[in-house]
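Undergrad: Provided herewith is a single structure, encoded as structure tokens, for subsequent inquiry.
Read-outs throughout are calculated quantities, based only on the coordinates presented, and are distinct from any laboratory measurement. As the structure is a prediction and not an experimental result, all values here were calculated from the model. Glycine gets a Cβ as well: all are built from the backbone with ideal geometry, and neighbour counts include every protein chain shown.
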Amino acid sequence: MKWKPTIGLEIHAELKTQTKMFCNSKNDPDETRPNVNICPVCMAHPGTLPVINKEAVRHILRMGVAVGGELADFTEFDRKNYFYPDIPKGYQISQYQFPLVRGGTIAGVALTRIHLEEDTARSTHDEHEKSLVDFNRAGVPLMELVTEPVIKSAAEAVTFAKELQLLLRNLGAGEANMEKGEMRVEANISVSTGKTLGTKVEIKNLNSFRAVERAIEKEIKRQVALLEEGGEVVQETRGWDEGKGMTFSQRKKESSHDYRYFPDPDLPKLWISEIPELSANELRHSLPELPWEKRSRYLSLGLKEEDANLFVSDNALRALFETFVGVVGDDKKSILLGANYIANDVAALRGRADGQLQHIRGAEIRKIVDLVEVGKMNSRNAKDTIEILFREGGSVEQISETRGLLRDESIDLQSIASLIISENFEVVSEYKAGKASALEFLVGKGMKMTKGAVDPNQLRESLLAKLK
């Protein structure tokens with residue numbers, strides 16, 4: 001019997017705006033002092049009135065254009081009623097019947113909707129079994145994106161979430177750092193053997209891509225084992241215990257009617273067509289090159305998929321690569337060599353320098369590539385030059401000349417070849433007996449003898465001429 005999983009995701013992401021969703025309190029995710037960025041509106045004092053943050057609305061509509069969704073003309077905000085300590089009003093302002101965006105796709109996954117709401121406060125629990133609430137986050141603009149239940153594996157879910165994170169960052173809509181709680185993933189999972197979907201279980205607040213993948217995999221296994229034993233899956237909300245590597249029951253799953261949605265009487269209805277700067281054309285012209293467009297362009301240049309993905313996801317390395325391409329032009333061979341140095345050597349150096357790119361520049365990478373391609377610098381010395389540039393700055397010309405990293409064309413290759421042959425009689429005999437790899441040993445000896453100052457291909461030709 002083959003069990004088929006069906007997965008839908010609900011993802012919340014905090015938006016990057018100067019102020020909160022319905023008030024002028026500062027939106028600062030890096031504030032460490034509790035209850036600093038608050039005001040009577042986000043604390044729900046009696047008599048206060050919310051005001052809609054236009055920039056947050058614009059972020060969501062730009063997302064909609066980017067994913068090919070249908071932008072709403074009419075939209076409104078609703079009250080989602082439930083009581084919890086981190087909801088100061090006793091309800092959350094969200095959107096229900098009229099979201100800002102319907103449809104669209106990301107990474108081949110169909111979307112149901114993208115809407116806007118306010119975030120909750122942050123609860124913490126101390127060692128004395130006391131619960132504390134920090135209201136700095138209460139009222140921060142929050143995107144909620146819901147997919148169709150079309151995802152079939154944990155790996156596909158992670159791919160989708162990563163692509164969404166890239167899009168948010170690319171649009172400047174949010175940083176979406178999962179470890180900071182700026183992007184939270186909830187997964188709805190069911191398994192079945194036929195066309196009818198099984199009973200859905202929701203896993204809440206997954207805060208890393210690893211947690212998303214592991215939690216979905218474990219929940220699928222749990223449901224399959226339960227059904228194969230003759231049990232039933234209960235519709236509920238479950239949490240994820242990273243330490244134990246298992247999901248656990250939290251509460252019965254609510255339905256939409258449990259929240260008693262109704263339009264918020266304190267907020268105006270919005271007709272998007274009456275706001276010129278929020279028209280689809282204006283938003284479309286404001287979009288940068290999107291992550292999947294970048295990836296496609298990089299692959300068309302011949303880059304390896306892993307290098308293309310690295311440049312799409314890493315702003316600093318991408319900027320360096322783009323600068324390099326800008327000075328190289330359309331020479332694909334040079335582009336690939338430079339991309340290799342950036343994706344491997346520069347990336348490794350950056351990893352050891354706390355993420356800083358230090359002194360490296362695209363124009364200097366181009367000079368190194370040129371020297372390698374004309375045979376004036378070998379690959380080992382190119383890597384050394386990159387490291388010196390990275391740590392100390394300077395120019396390729398200065399570094400290569402003062403440190404002897406260029407090939408010395410004054411060296412007599414014929415004399416070097418004769419010396420190598422005379423000092424390695426046994427290896428020469430092996431080569432003449434048919435062992436082809438012996439020639440590379442001799443070339444290596446010559447490169448070591450000259451400290452890499454000669455062209456290995458020219459040295460190989462000189463040795464062959466002597467060995468005839």
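Undergrad: If I take the Cα coordinates of the range 271-364 and project them onto the principal axes, what are the three extents in Å, biggest first?
TA: 52, 31, 23
Undergrad: Continuing with the same structure: Given +1 on the Cβ of Lys and Arg, -1 on the Cβ of Asp and Glu, and no further charges, what dipole in debye does the chain carry about its Cα centre, rounded to the nearest 20?
TA: Its charge dipole is roughly 820 debye.
Undergrad: Let me ask something else about it. Taking neighbour counts of Cβ atoms within 10 Å as a proxy for exposure, in what order, fewest first, do 89, 333 appear?
TA: Lowest to highest Cβ neighbour count: 333, 89.
Undergrad: How charged is the neighbourhood of residue 80? Take every other residue with its Cβ under 9 Å from the Cβ of residue 80, and add Lys/Arg as +1 and Asp/Glu as -1.
TA: 0
Undergrad: Hand me the tally of lysine pairs in the range 255-360: alpha carbons under 27 angstrom apart, and the pair either on different chains or 8 or more positions apart.
TA: 5
Undergrad: At what distance in angstrom do the alpha carbon centres of the range 199-274 and the range 308-338 lie from each other?
TA: 41
Undergrad: Trypsin sites (Lys or Arg not before Pro) within the range 272-310: which are DSSP loop residues with at most 15 other Cβ atoms inside 10 Å?
TA: Passing both the DSSP loop test and the Cβ count: 304.
Undergrad: Give me 359, 12, 285, 59 sorted ascending by neighbouring Cβ count inside 10 Å, so fewest comes first.
TA: Lowest to highest Cβ neighbour count: 285, 359, 12, 59.
Undergrad: Counting other C-beta atoms within 10 Å, which of 224, 101, 325 has the fewest, and how do the rest follow?
TA: With the sparsest Cβ surroundings first, the list reads 224, 325, 101.
Undergrad: Okay, moving on. Setting aside same-chain residues fewer than 8 positions from residue 432, which aspartates and glutamates have a Cα under 15 Å from its Cα?
TA: Hits, sequence-local ones excluded: 440.
Undergrad: Now a separate question. Among all lysine pairs in the range 98-219 that are eight or more places apart or on different chains, how many have alpha carbons less than 16 angstrom apart?
TA: Eligible lysine pairs with Cα atoms under 16 Å apart amount to 7.
Undergrad: Same structure, new question: Report, to two decimal places, the Cα Rg of the range 352-407 normalised by 2.2 N^0.38 Å (N = number of residues).
TA: Cα Rg divided by the expected 2.2 N^0.38 Å: 1.07.
Undergrad: Report Rg(Cα)/(2.2 N^0.38 Å) for the range 162-275, keeping two decimals.
TA: Computed over Cα atoms of the range 162-275, the ratio equals 1.37.
Undergrad: Cβ under 13 Å from residue 389's Cβ, residue 389 left aside: what net charge do those residues give with Lys, Arg +1 and Asp, Glu -1?
TA: Net charge around residue 389: +1.
Undergrad: Here's another thing I want to ask about it. Just the number, please: percent antiparallel of the DSSP beta bridges in the chain, rounded to the nearest 5.
TA: 95
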